[in-house]
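The values are calculated or read from the model by the stated rules, or taken from the named source; none is laboratory data. If you're wondering where the values come from, they're calculated on a predicted model, not measured in any experiment. In this analysis, Cβ positions are derived from the backbone assuming ideal geometry, glycine residues included, and neighbour counts consider all displayed protein chains.
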Amino acid sequence: MKQLRIISIITWIIISLSINVSLTKAENTNTNTTNSEEDSELIQRDGRRTAGGDRGSCPTMKNVNDALTALVPEKGSSLTLSDSPTLLFYVPYVSNSPIDAKFSLQNDDGYNVIQPPIMLKLSGTPGIIKINLPKTLEKEKYYRWSLAIICDSEDYSTNPGVHGWIKRVEPSPNLTRELQKELSKQELATVYRKEGFLVDALAVLIEIRNQEIQAKNDWNSLLKSLDLDVYRENKLVE
């Protein structure tokens with residue numbers, strides 16, 4: 001009887017250890033899968049904020065090292081509180097005639113939510129342009145935007161372009177209370193930047209940077225933090 005009891009105890013210990021090992025392996029597998037999915041999503045959300053070099057048929061650029069550039073974070077998605085946010089772009093081209101450009105917006109499934117895409121006539125003056133998204137963004141949804149300069153109307157693959165992701169999010173209760181206060185535009189931009197809504201902050205600051213010293217300092221500081229300070233003195237153009 002004593003031997004049987006010892007055998008039973010040993011058998012129970014072995015079974016318990018086997019179960020624990022299996023559970024640990026399952027947890028590790030789930031964790032690795034989740035991390036892989038998260039890493040994959042982060043990679044997929046990266047855009048291209050700077051276009052490639054001159055393809056030959058585009059207008060002359062202001063400076064030889066210039067490029068069409070989106071004023072957004074280099075990695076990941078931009079976050080916004082606005083249902084129709086404004087994006088800023090530096091356009092380097094010099095032309096005596098209007099320059100054609102195309103702005104597109106897609107949802108996370110690749111469906112064009114703006115149909116047809118927005119065709120723009122740029123002034124031909126180098127500087128920063130702003131594009132207000134004409135589509136109301138749904139909260140907690142990802143959208144892919146793109147801007148291309150139409151240098152070749154027959155072969156679109158040669159046209160310089162930039163693209164990225166933006167997501168409208170629900171503000172936290174604390175942020176909602178903060179935004180309900182009577183804030184100046186400069187204070188509003190400070191709140192946006194603090195909470196990580198950088199494109200919203202830039203859209204506010206570009207309108208007031210020449211009116212308030214602090215706003216100009218904030219504009220310069222934010223661009224520098226994004227490694228975009230080379231564009232800080234460029235004018236807003238149509």
Subject >> From Tyr192, Tyr143, residue being among the hydroxyl-bearing types (Ser, Thr, Tyr), closer than 23 Å to Ala101 by Cα and modelled with pLDDT of 95 or more >> reply: Tyr143
Original post:
Taking helices (runs of 4 or more DSSP H) that fall entirely within the range 161-221, which contain at least 2 residues that are within 20 Å of Lys141 (Cα to Cα) and without any contact (Cβ under 8 Å) to a residue 12 or more places away in the chain?
Top reply: 173-179
Original post:
Considering only residues of the range 142-163 that are touching an Asp or Glu at 6+ places or on another chain (Cβ under 9 Å) and hydroxyl-bearing (Ser, Thr, Tyr), which is farthest from Val72 (Cα to Cα)?
Top reply: Ser153
Original post:
Restricting attention to the range 48-72, which residues are within 15 Å of Ser157 (Cβ to Cβ), at pLDDT 85 or above and of a type outside the set (A, V, I, L, M, F, W, C)?
Top reply: Arg48
**OP:** Could you grab the pairs with beta carbons closer than 6 Å, sequence gap of 6+ or different chains, first residue in the range 83-112 and closer than 24 Å to Ile166 by Cβ and free of Cβ contacts under 8 Å to residues at least 24 places away in the same chain, second one surrounded by fewer than 19 Cβ atoms within 10 Å (Cβ to Cβ) and of a type outside the set (Gly, Ala, Ser)?
**Re:** Asn112/Gln106
Original post:
Counting only residues that are under 23 Å from Gly76 (Cβ atoms) and not hydrophobic (A, V, I, L, M, F, W, C), which one in the range 176-219 is surrounded by the most Cβ atoms within 10 Å (Cβ to Cβ)?
Top reply: Tyr192
Original post:
Out of curiosity, is Lys130 charged (D, E, K, R), touching a residue at least 12 places away in the same chain (Cβ under 8 Å) and surrounded by fewer than 15 Cβ atoms within 10 Å (Cβ to Cβ)?
Top reply: no
